[in-house]
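See below for the structure under consideration.
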Amino acid sequence: SSSTPTARPREILGDIGRYREMDPEFLNTEGEHEHDNSVSSTSAKFEGFLNVKKLNMWISDIIQEMGANLFRYKGVLSVAGMDEKFVFQGVGMLFSGGFINAKWGPNETRENRFVFIGKDLDKEGLLKGFKECQCSEQLRFKIGDKVRARVGKDMAEARSSR
């Protein structure tokens, strides 16, 4: 068997003429190019578990504080007490995230990975924020324990669940 690619460039790129119609400068390598040095990306990966309540509050804070400068972000997170992976993505202040139908494997390292692309990113602040959501694997209460929980302004008795 041959490892030579069978696709032709035109099949992959399409008709270059279309791009030139939309942008006459598309292939102009002599023209002026503007690069915005304030645009950057940051990513991180670390093992461990995150507290879902702290995580939700922190994500809400960064979207409100940095949303206008966040061009794209995404990640896969390991939340304490959950077998499912928490996946998030967003553009600006439009955030989508939640647990997906994919569980951490028994031999899979529980880790948190994310990437942010944006303008004037506070790279250290983003990593610090995620790290401040870290917790142990153990939940504070066992599943089924009787607990008192705040519901609105009142306290109510309940049983802990996942």
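The values are calculated or read from the model by the stated rules, or taken from the named source; none is laboratory data. Quick caveat: nothing in here was measured; it's all calculated off a predicted structure. Don't worry about glycine lacking a Cβ; one is built from the backbone with ideal geometry, like all the others, and counts go over all protein chains shown. For the accessible areas, the whole protein counts, side chains as well, though only heavy atoms, and no ligand, DNA or RNA atoms are used. Shrake-Rupley method; radii C 1.70, N 1.55, O 1.52, S 1.80 Å.
A few notes on this one:
- Segment 119-138 residues that are within 22 Å of residue 104 (Cα to Cα), paired with ones that are surrounded by 12 or more Cβ atoms within 10 Å (Cβ to Cβ) and of a type outside the set (A, V, I, L, M) (beta carbon under 6 Å, 6 or more apart): 133/51; 133/54; 133/58; 134/48; 135/49; 135/51; 137/49
- The listed residue being out of contact with any His (no Cβ under 8 Å at 6 or more places or on another chain), under 25 Å from residue 47 (Cβ atoms), at pLDDT below 90 and exposed (fewer than 13 other Cβ atoms within 10 Å of the Cβ), out of 146, 153, 142, 103: 142
- Conditions (1) among the aliphatic types (A, V, I, L, M); (2) in contact (Cβ under 8 Å) with a residue 12 or more places away in the chain; (3) open to solvent by 70 Å² or more (accessible area, probe 1.4 Å); (4) out of contact with any helix residue (DSSP H, G or I) (no Cβ under 8 Å at 6 or more places or on another chain): number failed by residue 93: (4)
- Of the strands (runs of 3 or more DSSP E) lying entirely inside segment 33-133, those carrying at least 2 residues that are closer than 30 Å to residue 144 by Cβ are 70-77, 84-91, 94-103, 111-119.
- Odd one out for residue 136 among (1) at pLDDT below 85; (2) in contact with a helix residue (DSSP H, G or I) (Cβ under 6 Å, 6 or more places away or on another chain): (2)
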